[in-house]
Amino acid sequence: MGALEQYRAWLIAGAVVVLLAMGTGFGWVLNGWRLEGRVARAEGATERESKEHQADLAAISNAAVQQVTQALAKQQEAQHAVAELDKKATKERNDAKAENDRLRARLDAGGRVRVAGNCPANPVSMPTAAGTTSVDHAGTVELSPEAGRNVLDIRAGIIADQAALRALQAYVREVCLASQ
């Protein structure tokens, strides 16, 4: 081989090496761009997924807050209704107790408890003529002070029981049934 051929072989080998180096460099740059694009898309997808996840969490949180707020409002309404019912029942009970105390004080001051009624005529003590009908006689019966107090005690118990019954019925109507 001659020097010229040897020089030419070296030149071709150098050109091949340079072309290979340039190809490798160019491939390296293209691969970098491609990888950068993938990373950017992945980061964009991750950011988008993260934003979607944050939006979902915010929606769930807002729904939970709304449900808790509604539950608290219902509870406060029920408590207010119970307080109003209790206030009304207490007033009725206190009014009835005051009336009973007033009647008891009158009885203690010498008043009497009178019971009005109709008494049929006693055929033995009042003979009637044949063909006539008996007539009811209206009258009153006075009770002893002790019996009068017993009547007032019974009256107070009846009033308290009726007030309790009305309060329970109102509670069921206004609180229990309203919260369903």
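The values are calculated or read from the model by the stated rules, or taken from the named source; none is laboratory data. In this text, all values refer to a predicted model and were calculated from it rather than measured experimentally. Backbone-built Cβ (ideal geometry, glycine too); neighbour counts: all protein chains shown.
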- Given the conditions (1) more than 16 Å from LEU165 (Cα to Cα); (2) polar (S, T, N, Q); (3) surrounded by 12 or more Cβ atoms within 10 Å (Cβ to Cβ), and given that GLN67 satisfies all but one, which numbered condition is not satisfied? (3)
- Over the stretch 90-110, the set of residues touching a residue at least 24 places away in the same chain (Cβ under 8 Å) and farther than 13 Å from ALA160 by Cβ is LEU103, ARG104, LEU107, ASP108
- Message: I need a count of the residues in the stretch 147-180 that are part of a helix (DSSP H, G or I), in contact (Cβ under 8 Å) with a residue 60 or more places away in the chain and small (Gly, Ala, Ser).
- Response: 6
- Task: Check the stretch 116-124 and report whether any residue there is under 52 Å from the mean Cα position of the chain (by Cα), over 30 Å from ALA81 (Cα atoms) and modelled with pLDDT under 85.
- Result: yes
- Would you mind stating whether ALA98 is in a helix (DSSP H, G or I) and either at pLDDT 85 or above or more than 46 Å from the chain's Cα centre (by Cα) (or both)? yes
- Inspect all residues belonging to the stretch 73-82 and state whether any of them is in contact with a Pro (Cβ under 9 Å, 6 or more places away or on another chain), surrounded by 10 or more Cβ atoms within 10 Å (Cβ to Cβ) and either of a type in the set (Asp, Glu) or part of a helix (DSSP H, G or I) (or both). no
- Any idea which of LEU103, LEU107, LEU85 is surrounded by 11 or more Cβ atoms within 10 Å (Cβ to Cβ), outside any loop (DSSP other than H, G, I, E, B), modelled with pLDDT under 90 and touching a Phe, Trp or Tyr at 6+ places or on another chain (Cβ under 6 Å)? LEU85
